[in-house]
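Visitor: Here it is, the structure, as structure tokens.
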Amino acid sequence: MDDVQKIVNNLARRDFLRGSALGLGSIALGSLLGCNNSNKTVAGANNTIDHEQENSPLEAPHFAPRAKRIIYLFQSGGPSQMELFDYKPRLYQMHGQEIPPSVIGGGRVSGMVSNQNSFPLAAPMTQFKQYGSDAAYFSDLIPHTAGIADDICVVKSMFTEQINHEPAVIFTQTGNQLSGRPSIGSWISYGLGSLNQNLPSFVVLLSKGGGDQPISNLAWSNGFLPSHYQGVQFMSGKDPVLYLSSPDGVDRIDRRRALHFIKAFNLLQKDKWHDPEIDSRLNQYEMAYRMQMAVPEITDISNEPQHILDMYGPDVKVPGSYAYNCLLARKLAEKDVRFVQLYHLGWDHHGRLTSGITRATRQTDQPSAALVKDLKQRGLLDDTLVIWGGEFGRTSFSQGRLTREDFGRDHLPNAYSIWMAGGGIKAGMQYGETDDFAHNVVRDKVHVHDFQATLLYLLGIDHEKFIYKNQGRRYRLTDVSGNVVKDIIA
């Protein structure tokens with residue numbers, strides 16, 4: 001038997017097939033498509049990156065960025081806009097009356113109210129006052145947020161295409177209702193890279209005590225991007241990042257020596273298979289090693305002055321609470337973490353809205369405002385974009401039986417409110433308008449893709465040029481739509 005036949009026989013079937021796919025297959029495909037082996041991106045005539053030949057992070061922002069980093073305070077469940085930011089006097093006047101059919105029109109309702117025969121309007125269970133130089137209305141449920149009225153921009157005209165939680169959250173975070181796309185944080189981490197080599201560029205915080213509705217880790221997935229761009233979740237408790245600590249009896253020198261050997265083996269594997277996930281694995285090992293020193297320091301709040309702890313509220317010393325995570329987000333921003341995503345549950349009020357939203361605002365109002373004030377006093381707000389908002393809004397009519405003390409509101413994709421601060425956003429502004437029932441947007445609509453395009457713009461990225469090619473198709477965060485909302489940019 002000749003030498004070639006011996007080699008073939010010694011190869012496992014899987015190795016042979018894999019080698020064929022990577023070898024003969026890629027050669028044939030390259031011949032058909034006219035590809036070359038260049039590892040560099042090619043600049044087109046309009047100064048854009050051509051990803052046809054090779055996906056590559058941006059060499060530089062497309063234009064001067066307003067923001068360096070983002071803190072996204074995601075309020076999962078759908079906060080009620082008419083109880084918080086969108087003051088509608090007519091709802092108080094028409095409490096108990098049927099919502100006009102012209103307002104609902106042909107719009108969708110969720111399956112939870114599809115069998116209702118009556119849709120009585122429910123007056124907000126709170127009162128509003130005017131705050132700030134713009135005399136903007138804010139609910140008495142959020143006095144601390146009202147106190148920073150001159151620092152934030154409230155967008156009242158958001159709308160989405162999704163009416164149920166999971167697809168709506170995924171749509172807001174990835175630009176598509178179906179799972180498998182990269183999240184905003186992953187896109188930004190991939191495109192702009194890290195500002196701190198000792199911490200992940202994309203950190204995820206889940207606050208506890210808000211509610212028991214689950215949120216999927218698909219919301220911070222890397223999708224088809226290399227896996228080291230996925231969000232790294234920090235946990236409450238002794239080990240903020242799982243499996244980060246070395247086993248007992250293993251010191252850092254031993255860990256470093258082991259990583260050198262592992263790296264050498266992985267590089268041999270990479271030379272043989274050319275698998276990009278090997279690079280991701282190496283990056284994750286090295287990041288974990290550096291995080292062993294950086295994470296305990298960043299999660300330790302014992303050195304924070306008492307007046308700072310007081311500013312964030314009474315829950316700040318409870319690891320994993322919303323207040324604790326807001327303070328942690330500020331510390332991560334100080335260390336130049338590119339994207340911090342904080343998820344808080346507890347806003348899905350289909351019933352008992354009065355007690356539910358009171359509880360949610362008590363947990364979130366003071367820490368959210370404290371984060372903005374804390375960043376501002378440290379000179380970080382100018383280049384840190386802070387976002388507060390959920391996946392959709394709530395209906396102005398009651399879900400189920402209406403009483404003044406106890407009623408609920410269903411999901412509403414047509415209109416909802418968010419606020420933003422810092423990072424190039426106009427301060428002290430109210431943008432957009434809904435109808436008298438906060439049910440439909442009547443001026444300055446902002447679609448989810450518009451919102452995402454604006455975030456990228458503030459970071460210096462043109463959303464139409466920021467593309468990743470996967471399985472023959474060009475993808476972007478904003479899919480095939482999206483316009484930058486220039487009116488809210490300073």
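Rule-based calculations on the coordinates, nothing more; no lab input. The structure displayed is predicted, hence computed values, not measured ones. Neighbour counts run over all protein chains shown; Cβ positions are idealised from the backbone, glycine included.
Visitor: Which ³J(HN,Hα) values in Hz, rounded to whole numbers, follow from the phi angles of the range 99-108 under the Karplus curve 6.51 cos²θ - 1.76 cosθ + 1.60, where θ = phi - 60° and Gly and Pro get x?
Guide: Rounded to whole hertz, the list is 5, x, x, 5, 6, 5, x, x, x, 7.
Visitor: From the mean inverse distance of alpha carbon pairs (Kirkwood) and the Cα radius of gyration, derive Rg over Rh for the range 370-469. Before the final figure, lay out each step's value.
Guide: Numbers: Rg = 17.3 Å, Rh = 16.2 Å.
Ratio value, two decimals: 1.07.
Visitor: Can you pick out the pairs among LYS335/LYS486; LYS68/LYS129; LYS88/LYS208; LYS156/LYS373; LYS335/LYS469 whose Cα atoms lie more than 25 Å from each other? Please report the intermediate quantities before stating the final value.
Guide: Details: LYS335/LYS486 29 Å; LYS68/LYS129 34 Å; LYS88/LYS208 32 Å; LYS156/LYS373 22 Å; LYS335/LYS469 32 Å.
Among LYS335/LYS486; LYS68/LYS129; LYS88/LYS208; LYS156/LYS373; LYS335/LYS469, the Cα-Cα distance tops 25 Å for LYS335/LYS486; LYS68/LYS129; LYS88/LYS208; LYS335/LYS469.
Visitor: Give the shape of the range 86-245 as rounded, prolate or oblate, defined through the alpha-carbon gyration tensor: a ≥ b ≥ c are the square roots of its eigenvalues, a/c under 1.5 means rounded, and otherwise the shape is prolate if a/b is larger than b/c and oblate if not.
Guide: Values: a/c = 2.30, a/b = 1.63, b/c = 1.42.
Prolate shape, in that a/c is at least 1.5 and a/b is the bigger ratio.
Visitor: Please list 191-200, 94-103 highest first by mean number of surrounding beta-carbon atoms within 10 Å per residue.
Guide: On the way: 191-200: 18.3, 94-103: 14.0.
Taking the mean over residues of other Cβ atoms within 10 Å, the ranking is 191-200, 94-103.
Visitor: From the backbone phi of the range 118-128, what are the Karplus-calculated ³J(HN,Hα) couplings (6.51 cos²θ - 1.76 cosθ + 1.60, θ = phi - 60°) in whole Hz, Gly and Pro given as x?
Guide: 10, 10, x, 5, 10, 5, x, 8, 8, 10, 10
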